[in-house]
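Below you'll find the structure, written out as structure tokens, and then a few comments.
The values are calculated or read from the model by the stated rules, or taken from the named source; none is laboratory data. This one's a predicted model, so the numbers in the text were calculated from it and none came from an experiment. Cβ sites come from the backbone with ideal geometry, for glycine too, and all protein chains shown count toward neighbours.
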Amino acid sequence: MVCLTGETLQIYFLGTAGALPTPQRNLTCIMVRRGSDTLLFDCGEGAQQQMMRARTGFTVDAIFITHWHADHFLGIFGLVQTLSFMGRTTPLSIYGPPWVRELVAMVEQLSGYDPGFAIEPRELRPGAVVPFGGYAVHTFPTSHGLPGLGYVLVEDPRPGRFNRDRAIEMGVPAGPLFGRLQRGETVRLTSNGLPVEIRPEDVMGAPRPGRKVVYTGDTRPVPDVMGDLCRDADLLIHDATFDDQELPRAREVFHSTAGEAGQVAQALAARCLVLVHLSPRYTSAAAHLQDAKKYFSGEVIAPADLTMREIPFRD
């Protein structure tokens, strides 16, 4: 059975700063809303306040952590307290590379009491797949001097376009049978006194790809390991801690420059490049945008905190 629902896909940039917050940028936290699901990718300190400022509410179905540097996970402690105060009872899964079990044990210990819901650690390795309804989250390895993961949200393929004229030509009357064919069902009817079987592929075009969002977390450029999994992303959210003048420093501390992010976006044919994790030494993203555009011909943005980006279907 084919699912026909066209779910919304919204990205909230709750925190886009590097290792230290600034008056304009909070620590790393990316919220993805896909239909009724809400996922957090990294959860830096102060994530709760950013959620309030963005008016997203505190509905969180799962948290994915890229690596165990404090600016990417310290917000979990406060968020768990808030969820407890609000009466949450459903389990909360926290996904991440090795050490996620130790993190969850620390959260539970420091809470000092039973929060009222289970916190479930889910250790992931490169190449893992976490399925959800209508989409999945895949992992790939990053290069940041310690075990780390990038994440790719990939929707299931969408049905092809329904050819109404062809269906009528084959004897299908307009009405409920159209819907059954679009849902992947074969229909049987009588035409000119003869039994006729109409299959979905008779009246449907080729399946269309779903949307794709890639988030690298902190990393040196790794386009080779990202490969086909990350190719043709609607949104590539890439580490751009430094502008290109600081390339030696980026190499030293296992981060990327904006120009390098642009090269990755171009190599992987991304549709839009998002520059995040900007070092607090910068008060403007102008140089980052300029550097990325030297290499990437698509859209480049360096969103302010609390920006929301909705990802439309491609057709």
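Yes or no, residue by residue, for (1) acidic (Asp, Glu); (2) within 30 Å of Ile94 (Cβ to Cβ):
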{"site": "Gly145", "(1), (2)": "no, yes"}
{"site": "Glu155", "(1), (2)": "yes, yes"}
{"site": "Phe162", "(1), (2)": "no, no"}
{"site": "Asp165", "(1), (2)": "yes, no"}
{"site": "Gly171", "(1), (2)": "no, no"}
{"site": "Gly179", "(1), (2)": "no, no"}
{"site": "Gln182", "(1), (2)": "no, no"}
{"site": "Asn192", "(1), (2)": "no, no"}
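Any chance segment 166-184 includes a residue that's among the acidic types (Asp, Glu), on the phi < 0 side of the Ramachandran plot, surrounded by fewer than 17 Cβ atoms within 10 Å (Cβ to Cβ) and not in a loop (DSSP other than H, G, I, E, B)? Yes - at least one qualifying residue is present in segment 166-184.
When we screen Ser111, Ser143, Ser84, Ser93 for residues that are surrounded by fewer than 20 Cβ atoms within 10 Å (Cβ to Cβ), closer than 25 Å to Leu9 by Cα and either among the acidic types (Asp, Glu) or touching a residue at least 24 places away in the same chain (Cβ under 8 Å) (or both), the only hit is Ser93.
Scan segment 34-46 and tell me whether some residue there is crowded, with 18+ Cβ neighbours inside 10 Å, in the same structural domain as Leu235 (by TED's automatic domain parsing) and at positive phi. Checking segment 34-46: at least one residue is crowded, with 18+ Cβ neighbours inside 10 Å, in the same structural domain as Leu235 (by TED's automatic domain parsing) and at positive phi. Inclusion of Thr283 among residues that are crowded, with 23+ Cβ neighbours inside 10 Å and of a type in the set (Ser, Thr, Tyr) is not warranted.
Looking at segment 185-212, which of the residues that are acidic (Asp, Glu) and without any contact (Cβ under 8 Å) to a residue 24 or more places away in the chain is surrounded by the most Cβ atoms within 10 Å (Cβ to Cβ)? Working first, answer last.
Within segment 185-212, the first condition is being acidic (Asp, Glu), and the residues that meet it are 185, 197, 201-202.
Now narrow it down to the ones that are without any contact (Cβ under 8 Å) to a residue 24 or more places away in the chain: 197, 201.
Details: Glu197: 9, Glu201: 12.
Step by step, filter segment 185-212, then rank; the result is Glu201.
Selection of first residues in segment 236-262 that are free of Cβ contacts under 8 Å to residues at least 12 places away in the same chain and under 15 Å from Pro223 (Cβ atoms) and of second residues that are surrounded by fewer than 24 Cβ atoms within 10 Å (Cβ to Cβ) and among the basic types (Lys, Arg), restricted to Cβ pairs under 9 Å at least 6 apart or on distinct chains, gives an empty result. Of these, Leu40, Leu79, which one is touching a Cys at 6+ places or on another chain (Cβ under 7 Å) and either under 22 Å from Leu236 (Cα atoms) or touching a residue at least 40 places away in the same chain (Cβ under 8 Å) (or both)? The match here is Leu40.
When residues in segment 173-182 are screened for being without any contact (Cβ under 8 Å) to a residue 60 or more places away in the chain and under 16 Å from Gly205 (Cβ atoms), 2 of them pass.
What number of residues in segment 96-106 are buried (at least 18 other Cβ atoms within 10 Å of the Cβ) and touching a strand residue (DSSP E or B) at 6+ places or on another chain (Cβ under 6 Å)?
Qualifying residue count for the region: 3.
Kindly indicate whether any position in segment 298-315 is among the aromatic types (Phe, Trp, Tyr) and surrounded by fewer than 18 Cβ atoms within 10 Å (Cβ to Cβ). Scanning segment 298-315, I find at least one residue that is among the aromatic types (Phe, Trp, Tyr) and surrounded by fewer than 18 Cβ atoms within 10 Å (Cβ to Cβ), so the answer is yes.
Restricting attention to segment 188-202, the residues being part of a loop (DSSP other than H, G, I, E, B) and of a type in the set (D, E, K, R) number 1. Among the residues of segment 160-171, is any more than 27 Å from the chain's Cα centre (by Cα) and modelled with pLDDT of 90 or more? There is no residue in segment 160-171 that is more than 27 Å from the chain's Cα centre (by Cα) and modelled with pLDDT of 90 or more.
Based on this model, can you work out whether Ala136 counts as assigned by TED's automatic domain parsing to the domain that holds Gly227, at pLDDT 95 or above, closer than 30 Å to Met226 by Cα and hydrophobic (A, V, I, L, M, F, W, C)? Against the criterion (assigned by TED's automatic domain parsing to the domain that holds Gly227, at pLDDT 95 or above, closer than 30 Å to Met226 by Cα and hydrophobic (A, V, I, L, M, F, W, C)), Ala136 qualifies. The condition of being part of a loop (DSSP other than H, G, I, E, B) and assigned by TED's automatic domain parsing to the domain that holds Arg220 holds for only one of Leu146, Leu110, that being Leu146. Scanning segment 263-280 for residues that are under 16 Å from Asp218 (Cα atoms) and crowded, with 24+ Cβ neighbours inside 10 Å yields Val264, Ala265, Leu273, Val274, Leu275, Val276, His277, Leu278.
So which of Arg220, Arg249, Arg208 is closer than 30 Å to Met170 by Cβ and out of contact with any Leu (no Cβ under 8 Å at 6 or more places or on another chain)? When all the criteria are applied, what remains is Arg208. Inside segment 228-269, residues that are among the hydrophobic types (A, V, I, L, M, F, W, C) and touching a Gly at 6+ places or on another chain (Cβ under 6 Å) make up a count of 1.
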